[in-house]
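First up is the structure itself, then whatever we jot down about it.
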Amino acid sequence: MNSYELIAGYGFKLVARKRYSVQEMRDKLEAYTGKHKKLKKVDTEEEVERFMSRLMELKYLDDGQFIKDYVAERMKFRPRGKRLLRLELIKKKISKIDIEKFFSENSIDEEGAAERLLRSKVKRWRGEQVWSQKAKAYRFLAGKGFDRDAIYRAVGRCYNLVE
């Protein structure tokens, strides 16, 4: 097997399991080529870039689509505010320019997500004083990356119904 085939085999195995950002995939492939005994450093950089181009051509790698899918999945299953979503995307090695472009072009219902998340927690705090519940709610939502306005509105809606 030549170096491109080894890199491609490993790369396709990775994308079969989960989605990666462009830089995450590049890092994975470079780490693989550095550890693999049959691959020579001189050839591998070009082969990695060639394979990366192929993945992009096949639409397996697309940071714009990665951001859309990641945010949609996050908001559906484990809601977060914009602040925390930005940090998570930076950890995924997405460029800050792409992240800001996405958030400027797409609206996210932070208030709705904060309210849904809070309603799932309010039941656990029922035995406590209302002021204590509200304080916990503010801290909880702030920890999830929601902005101040979304937190105040979500807490207001939840506790006007609970009280």
_So, in segment 11-27, how many residues would count as being part of a helix (DSSP H, G or I) and under 15 Å from Ser53 (Cα atoms)?_
9
*Just give me the residues in segment 26-39 being within 23 Å of Lys96 (Cα to Cα) and touching a helix residue (DSSP H, G or I) at 6+ places or on another chain (Cβ under 7 Å), in sequence order.*
Arg26, Lys28, Leu29, Glu30
*From the options Ile94, Ile90, Ile67, residue that is at pLDDT 95 or above, part of a loop (DSSP other than H, G, I, E, B) and either of a type in the set (Gly, Ala, Ser) or under 10 Å from the mean Cα position of the chain (by Cα) (or both)*: Ile94
*Go through segment 91-108 and give me each residue that's farther than 20 Å from Glu24 by Cα and surrounded by 15 or more Cβ atoms within 10 Å (Cβ to Cβ).*
Phe103, Ile108
*Out of (1) touching a residue at least 60 places away in the same chain (Cβ under 8 Å); (2) more than 30 Å from Gly11 (Cα to Cα), what's the single condition that is false for Val155?*
(1)
*Do we have any residue at all in segment 34-51 that's surrounded by 17 or more Cβ atoms within 10 Å (Cβ to Cβ) and of a type in the set (S, T, N, Q)?*
yes
*Out of segment 140-158, which residues are closer than 12 Å to Lys121 by Cα and either at pLDDT 95 or above or of a type outside the set (A, V, I, L, M) (or both)?*
Phe140, Leu141, Cys158
*Filter segment 71-85 down to residues that are assigned to a helix (DSSP H, G or I) and either assigned by TED's automatic domain parsing to the domain that holds Ala114 or in contact (Cβ under 8 Å) with a residue 24 or more places away in the chain (or both), then give me how many there are.*
6
*touching a residue at least 12 places away in the same chain (Cβ under 8 Å), in contact with a Leu (Cβ under 7 Å, 6 or more places away or on another chain), surrounded by 14 or more Cβ atoms within 10 Å (Cβ to Cβ) and assigned to a loop (DSSP other than H, G, I, E, B) - does that describe any residue in segment 124-137?*
no
*asked:* I'd like the residue in segment 7-17 that is surrounded by 18 or more Cβ atoms within 10 Å (Cβ to Cβ) and closer than 11 Å to Thr33 by Cβ and, out of all such residues, is modelled with the lowest pLDDT.
replied: Ile7
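The values are calculated or read from the model by the stated rules, or taken from the named source; none is laboratory data. All values reported here derive from a predicted model rather than from experimental measurement. Using ideal geometry, Cβ is built from the backbone for each residue, glycine included, and neighbour counts are taken over all protein chains shown.
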